[in-house]
Structures are given as structure tokens and as C-alpha cells.
Amino acid sequence: MLASRALVRGLQSGFWRRVSTSSAAWAAHTHDVDVVDCSVPQYNNRLDTPLPDVPFVRNLSAEQKKLKEKEKGSWTQLTKEEKLALYRLTHELSYAEMRQGSKEWMTVLGGIFIFLGFTGLLVWWQRVYVYGDVPHTLSEEWVAQQTQRMIDMRVNPVHGFSHKWDYEKKQWK
Amino acid sequence: MSLPKPAMRGLLAKRLRFHLPIAFGLSLIAAAAFKFTVTEPRKQAYADFYKHYDSTKEFNAMREAGVFESVRPTGK
């Protein structure tokens, strides 16, 4: 189940990245297929798997192949740029880049509010055009009689309702 | 590139040693705060209410107002 979640995450990150970057930039990477083959191991950017199943760049150019050959020798011979290039061959995003986050939450929140607002309009229309009359027990007269009865029978005399009524002056405190 | 070896064991114990006293302390504070802001005033309010409570007077007042079915107001 964890593997399938990793696949979905890889697919999702691949989808959004494809939308946001140019096709030329994608050409060298493993995501330039329309249909992803889920029966083979896939690359994923996850904080909890530092070494994904496959390297990010599968189809190496001649230059990259030469670098891979050099990697087979002593690593002290590699320059800093070469080490970084090797890292970028096997990994798409660094940990810092993975943790980066985006401004997507603003879009999401905005979308939520838009739809909530629209729903509010629908509910308002429903209240005006669909609902029938309110029960007679909510009319002013009834509520006044009800309140008087509640005061008479001393509802919640310690903390609540009748506590707020001044029985001597016959008014609210 | 020689970094110190990170802590490999006792991570949960270390976290608990730090967080449990805080958790217990905060819980006790929450309970004490609730006791002294809610339950004690409430008990006091009830005690004050019933200290000078004349149940007969209240009963007669309610009877006159006509809320009872077992006794009608004196006048009928």
C-alpha cells in the first residue's frame, strides 16, 4: 500500500511539474511518456525514501555516461560541479526543494471560500422561495407569553433565566 | 566531512523525559483552573441562593401566577 501511495505521489508530482515546466526541460527525464508504466519501479520524491527505486535520469547523454564512468573511480577525483551533476542525475529534488512548499494553499482556500459563498447564495434562495412559514410558536405574542410563564415558574433561578429577572421591580436586571 | 555520530537510541525516552512532566503539569493546571474558576463559584452561587430561600413564599408566588395544575390560584 505504501508503494502504491508512493506511485501516486510520484505521478501527481509528475503531473503538476509537467504542467508548469517546458517540454524541452522534460525531454531528458523519465516523465516524458504519456502513460506511466506502473508495473516497473518508479522514481519518487519522498522525504522518507532518500534512495528511490530508480535514478531520475534514465537515458544518459554521452557526456553524462562519461561522468558515470568517472564515478566508478575514486570520488576524491570528482570536482564539486561533477558531484552535483551526479546528484541531479539520480535525484530530481533535494530535501530542501522537497520541503519547500508552494503558494497553492492560497488557491485552495480561495476556491473553498468561493464555493462556500455560492452555496450561501443557494441557501438564501432556498430560504426565500422554498421554505414555508415559521411555526406560530415563534410569533412575538407567543414568545412574550412563553417568557412570562418561564419567569413565573422560576426557570433556572440560580444562574440562568430567572436569575436575570428582578422579581421586586418586575423587570430585567 | 567528519560529523559527530547522531543519537541512535533512547530517542523516545528522551522525548518522554522532556514532555511528560510538562504534560502532567499542564493537565494539573487546567484542572485547578477549572476548579477555581467554574466549580467553586458555582457551588458558592448555589449555597448563597439557598441560604435565604423561602420555599413556601416561592411556592405561593408560583401558585398565584397560575403555573400549577394541582393547585389553582387562591381566588377561585
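What follows is calculated from the coordinates using simple rules that are stated; it is not laboratory data. Predicted model, so just to flag it, every value in this text is computed and none were measured. As a convention, Cβ positions derive from the backbone with ideal geometry for all residues, glycine included, and neighbour counts pool all protein chains shown.
Tell me which of these A:Thr147 doesn't satisfy, since it passes every other one: (1) within 30 Å of A:Leu60 (Cα to Cα); (2) within 14 Å of another protein chain (Cβ to nearest Cβ).
(1)
Under 7 Å by Cβ, and 6 or more places apart or on different chains, what pairs join a residue from the stretch B:52-76 that is basic (Lys, Arg) with one that is outside any helix (DSSP H, G or I)?
Final answer for the pair search is B:Arg63/B:Val71; B:Arg63/B:Pro73.
When only residues in the stretch A:151-173 that are of a type in the set (A, V, I, L, M, F, W, C) and in contact with a strand residue (DSSP E or B) (Cβ under 9 Å, 6 or more places away or on another chain) count, which is nearest to B:Asn60 (Cα to Cα)?
Restricting to residues being of a type in the set (A, V, I, L, M, F, W, C) and in contact with a strand residue (DSSP E or B) (Cβ under 9 Å, 6 or more places away or on another chain), the top hit is A:Ile151.
Name the single residue that is surrounded by the most Cβ atoms within 10 Å (Cβ to Cβ) among those in the stretch A:110-159 being under 30 Å from B:Pro41 (Cβ atoms) and basic (Lys, Arg).
The qualifying residue surrounded by the most Cβ atoms within 10 Å (Cβ to Cβ) is A:Arg154.
Taking the stretch A:114-158, which residues are in a loop (DSSP other than H, G, I, E, B) and among the β-branched types (Val, Ile, Thr)?
Within the stretch A:114-158, A:Val130, A:Val134, A:Val155, A:Val158 meet the criteria.
Answer with yes or no whether B:Glu69 is surrounded by 11 or more Cβ atoms within 10 Å (Cβ to Cβ) and out of contact with any Asp or Glu (no Cβ under 7 Å at 6 or more places or on another chain).
no
List pairs: first residue in the stretch A:128-139 and free of Cβ contacts under 8 Å to residues at least 40 places away in the same chain, second residue surrounded by 10 or more Cβ atoms within 10 Å (Cβ to Cβ) anywhere in the structure, Cβ distance under 6 angstrom, at least six positions apart or on different chains.
From residues that are free of Cβ contacts under 8 Å to residues at least 40 places away in the same chain, there are no pairs.
Kindly check whether there is at least one residue in the stretch A:83-100 that is among the aliphatic types (A, V, I, L, M), within 14 Å of chain B (Cβ to nearest Cβ), under 29 Å from A:Asn44 (Cα atoms) and not in a helix (DSSP H, G or I).
No, there is no match, as no residue in the stretch A:83-100 is among the aliphatic types (A, V, I, L, M), within 14 Å of chain B (Cβ to nearest Cβ), under 29 Å from A:Asn44 (Cα atoms) and not in a helix (DSSP H, G or I).
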